[in-house]
Structures are given as structure tokens and as C-alpha cells.
Amino acid sequence: MSGGAGAGAGPGPEAEAAAAAAAGPEHRVRIVVEYCEPCGFEATYQELASAVKEEYPDIEIESRLGGTGAFEIEINGQLVFSKLENGGFPYEKDLIEAIRRARNGEPLEKITNSRPPCVIL
């Protein structure tokens, strides 16, 4: 009795394409990060931008200079993270999840989880 009914290799490219189509069209995502240059936050922006581009190469991400202590992130014009409110920086995984939601047309929620800024003792 051999079980030759299924290939057992998992879903093929056709099934994956069908699942993607069922999820709906991908929405355009534009990210603006406003940061304080004198505070030394440019390196943090570059690190975050690099992680976003690695995960989503087609995403538009731009920076602009902000006020003292600022590291504010907008997705499609909606503020999703504020260092001025949270006191730290966003975790990359939280930002990647917010981008995924934006691409799927889901409502965005503010990222409230943050990692503390680097402290020199």
C-alpha cells in the first residue's frame, strides 16, 4: 500500500501566488524619519533604513532633520513612533511589522515599545 496521492512537498509557487492574491493588492508605503542630527541619531536612522530596505527593497524611506531629541517615524503620513513620547528608539521588528500592515492596507497602530538610547557611564 503506497500512498501516492500527494507530493508532500508543501504548497508550490501557484499556491503561494494564489495566497498572495487572496490577501489583496500591496499598498504603496512611504516612510519619513525625522531625527536630531546634533544628537547623533543619523547612525540610528541609517541602521533602521538599511534593515527596512533589506526586508522591503521597494519601500520609499527618507529622512529629514528634526528638533532636539527627535526620532519620529511616519508611515504614509501617520506618526507611528515618537522618541519624544517614548524616550527610546523603535525595535526593528516592530517597524517591519508596521510596514507589513501598511502594505496590506491594515490600520496602523502606534509603536509604544522602545529600546533605551545608548547610555555612556
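The values are calculated or read from the model by the stated rules, or taken from the named source; none is laboratory data. Predicted model only: the values in this text are computed from it and were never measured. Glycine also receives a Cβ, built like all others from the backbone with ideal geometry; neighbour counts cover every protein chain displayed. Surface accessibility is based on the protein's heavy atoms, side chains included, excluding ligands, DNA and RNA. Shrake-Rupley method; radii C 1.70, N 1.55, O 1.52, S 1.80 Å.
Yes or no, residue by residue, for (1) assigned to a loop (DSSP other than H, G, I, E, B); (2) modelled with pLDDT under 95; (3) acidic (Asp, Glu):
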site: GLU16; (1), (2), (3): no, yes, yes
site: GLY24; (1), (2), (3): yes, yes, no
site: HIS27; (1), (2), (3): yes, yes, no
site: PRO38; (1), (2), (3): yes, no, no
site: GLN46; (1), (2), (3): no, no, no
site: GLU54; (1), (2), (3): no, no, yes
site: ASP58; (1), (2), (3): yes, yes, yes
site: GLU62; (1), (2), (3): no, no, yes
site: GLU74; (1), (2), (3): no, no, yes
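Within region 76-97, the set of residues being open to solvent by less than 60 Å² (accessible area, probe 1.4 Å) and either touching a residue at least 60 places away in the same chain (Cβ under 8 Å) or closer than 16 Å to SER50 by Cα (or both) comprises PHE89, PRO90, ASP94, LEU95, ILE96.
For (1) at negative phi; (2) of a type in the set (S, T, N, Q), each residue gets a yes or a no:
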{"site": "VAL52", "(1), (2)": "yes, no"}
{"site": "GLU55", "(1), (2)": "yes, no"}
{"site": "SER82", "(1), (2)": "yes, yes"}
{"site": "GLY87", "(1), (2)": "no, no"}
{"site": "GLU109", "(1), (2)": "yes, no"}
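Within region 42-66, restricting attention to residues that are open to solvent by 40 Å² or more (accessible area, probe 1.4 Å) and either of a type outside the set (D, E, K, R) or touching a residue at least 60 places away in the same chain (Cβ under 8 Å) (or both), which residue is farthest from ARG30 (Cα to Cα)? If we take residues in region 42-66 being open to solvent by 40 Å² or more (accessible area, probe 1.4 Å) and either of a type outside the set (D, E, K, R) or touching a residue at least 60 places away in the same chain (Cβ under 8 Å) (or both), then ALA43 is farthest from ARG30 (Cα to Cα).
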